[in-house]
Every structure is written in C-alpha cells, then in structure tokens.
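**Q** The structure that follows is given in the form of structure tokens.
The values are calculated or read from the model by the stated rules, or taken from the named source; none is laboratory data. Being a predicted model, the structure only gives us computed values, none of them experimental. Cβ: placed from backbone, ideal geometry, glycine included. Neighbour counts: every protein chain shown. The accessibility values were calculated without ligands, DNA or RNA, using every heavy atom of the protein model including side chains. Shrake-Rupley method; radii C 1.70, N 1.55, O 1.52, S 1.80 Å.
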Amino acid sequence: MNPAVPTWAGVAASAALIALTIAVAWRGRLRLARDITLAAVRAALQLAAVGALLLLVFQHTGLAGAIGWLALMVLIAGRVAARRTPVLPRVLPTATAAITVGTAATMGTLLALGVIATQARVVIPVGGMVVSGAMQATALALTRLYDEVRTARPAIEARLSLGLAATEAFAPHQRTIVRTALIPALDSTKTVGIISLPGAMTGLILAGVDPFTAIRYQIVVMYMLLAAAALAALVAVRLTERALFDETHRLRPLAEPMASH
C-alpha cells in the first residue's frame, strides 16, 4: 500500500473537514448546511461510480473505450459551456464543436508525437484535463462575446453601415474576446510552480515519482491546456460570429436572457 494514498478510513476521517465547513456556515447563518452536505455526499457517490466505470474501461476496452469516454465528456462539457449564454444563436452546437476541436487537436498531437501513451489509463485522465480546459475557455469566450455584442452593437453596426463586411466589423471585438478567454490559462502557465504545484505534478509526487519526472509531465500538461484553450476559444468565437450575422451582413437581434427565479 502506498503510504501517500489515504485509506478508506482516512477518507472517512476527512469528513471532519465537511463538519467543520458546516459549523462555519451555521455559525455565520449562511443557510448552506444542507447544500454543503448534499454536495459532499454527491461528490463521494459520483467519484465512486466514476472509479468503478474507469476500472471496467481500463481492464476491458482499451483506447477505443477511452475515446468513447472522452466523447461523452465533450458532449457534457458542451452543454455546461453553453448554458450561461442560451440566447446566442446555435450556442450548444457551437460550444460542443469548439470543445471538440480543442480536445481532438491537442490529444491527437500528443498521441501522434508519442508524448503520452495510448493506454486508456493515460488517455482518459489527460483528456479529461484537456476537455475541462477547453470547456472553461469556451464558456468564457461565449459569455464575453454576448456582453460585447450587447454593449458594442452601435459600434458594430456603424462599421457595417460604412461598408465593412461582417468579419471586418467584428474583428476588434473578436480579438478582445479571445484574449479575455485565455487570461486564466495564461496566468496559470506563467505562475506554475511559483504560486502552486498543479494537480498532475502533485499527484505524481504523492505517488512516489521523483520531482524532475513530475515536472516533465506538468510541462506537457500546461502546454496542452494552453493550446486547447486557445483553439476552443477561437473556434467558439468564429462559429458564433457566423451565426450572429445574416446573409446580408446584418447583425441579428439577441433576445434578452430570461430572469432567474
């Protein structure tokens, strides 16, 4: 048994941290005790179920099963990224396509160059990080795009009235949107190892891998996350831009988001 990995008794003991969190919420009258409890129980059950499924995939399906698992993750991530901006035209297929491109291009490059092994136990966790990074960048890009279109509509329509094509009229806003979507990935890449030891590196060190080996893996992780985020954000903005303008290069009206109750 690896002493760096908690036993099930240790996992149960860590529930004391949840009890502490509930006590803090109760003391502060935050009315979050029920939500904290449900979140903790749900996380444990979800992770246990995922662990059981991953065990089956690792033992019986190989690379094909890993690709299927990643495809399911992409579909779910697309829905998550699209739900904050439901009034954008074709937002669900756009978000799903952006995450797909970011994930496929990044993972395809890593596998084709032999950077990572083709084993399911490698492809799934690495691919999961890529999907997550692409999802976050896509969600940020779509949210920023919606805000930009709402606030900058007069400027966009002014450029259109001067005879500029839709692509040219929207180009300044496109650059701003993509830059904003990449800020988290860029900041993480710039500060890695200085402010925090990221998850992949920490996990390898806890598993007994020497730090220099863990560092090599973490460098690959940071590079792939940055690439996936850039590709996903750019694809999301480009596809949404096409849907925002009609055949005569007019900016389509956007519905107001429904108020949440």
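**Q** Could you work out, for the chain, what percent of all Cα-Cα pairs fall into each 5 Å distance bin, beginning at 0 Å and stopping at the bin that holds the largest distance?
**A** 1, 6, 10, 12, 13, 14, 14, 11, 8, 5, 3, 2, 1, 0, 0
**Q** A follow-up question, please. Would you work out which of Ala104, Val24, Leu53 lies farthest towards the positive end of the dipole of region 3-106, given +1 charges on the beta-carbon of Lys and Arg and -1 on that of Asp and Glu, about the Cα centre?
**A** Farthest towards the positive pole: Val24.
**Q** Highest first, please rank the peptides 119-132, 16-29 by the mean number of other Cβ atoms sitting within 10 Å of their residues.
**A** 119-132, 16-29
**Q** Right, something else. By how many degrees, 0 to 90 and rounded to 10, does the Cα axis of helix 120-161 deviate from the longest principal axis of the chain?
**A** Helix 120-161 sits at roughly 20 degrees to that axis.
**Q** Now for a different question. When a/c reaches 1.5 or more, the comparison of a/b and b/c decides; with that in mind, is region 161-210 rounded, prolate or oblate per its Cα gyration tensor?
**A** prolate
**Q** Using alpha carbons only, how many degrees (0 to 90, rounded to 10) separate the axis of helix 15-27 from the longest principal axis of the chain?
**A** That helix lies at roughly 50 degrees to the long axis.
**Q** Label region 1-114 by shape, choosing from rounded, prolate and oblate, from the square roots a ≥ b ≥ c of the eigenvalues of the Cα gyration tensor; if a/c is under 1.5 it is rounded, and otherwise prolate applies when a/b is larger than b/c, oblate when it is not.
**A** Oblate shape, in that a/c is at least 1.5 and b/c is the bigger or equal ratio.
**Q** For Asp210, what accessible surface area do you get with a 1.4 Å probe? Give it in Å², rounded to 10.
**A** For Asp210, the solvent-accessible surface is approximately 80 Å².
**Q** I need the Debye-formula profile for region 1-57: one equal scatterer per C-alpha, no solvent, reported as log10 I(q)/I(0) at q = 0.19, 0.27, 0.30 1/Å, two decimals.
**A** Here the Debye-derived log intensity ratios amount to -0.79, -1.07, -1.14.
**Q** Using a Gaussian network model on the chain with a 10 Å cutoff between Cα atoms, which of Arg90, Arg42, Arg159 fluctuates the most?
**A** Taking springs between Cα atoms under 10 Å, the residue moving most is Arg42.
**Q** Please compute the net charge surrounding Pro198, taking Lys and Arg as +1 and Asp and Glu as -1 over other residues with Cβ under 15 Å from its Cβ.
**A** +1
**Q** I'd like the orientation of helix 62-82 relative to the chain: the angle between its Cα long axis and the longest Cα principal axis, in ° from 0 to 90, rounded to 10.
**A** Approximately 50 degrees, to the nearest 10.
**Q** With every protein chain left in place, what is the accessible area of Phe170 in Å² (1.4 Å probe, nearest 10)?
**A** 0
**Q** Here's something else I'd like to know. In region 91-192, if every C-alpha pair distance is counted and binned at 5 Å from zero, what percent goes to each bin?
**A** Distribution as computed: 2, 12, 16, 17, 16, 13, 9, 6, 4, 3, 1, 0 percent.
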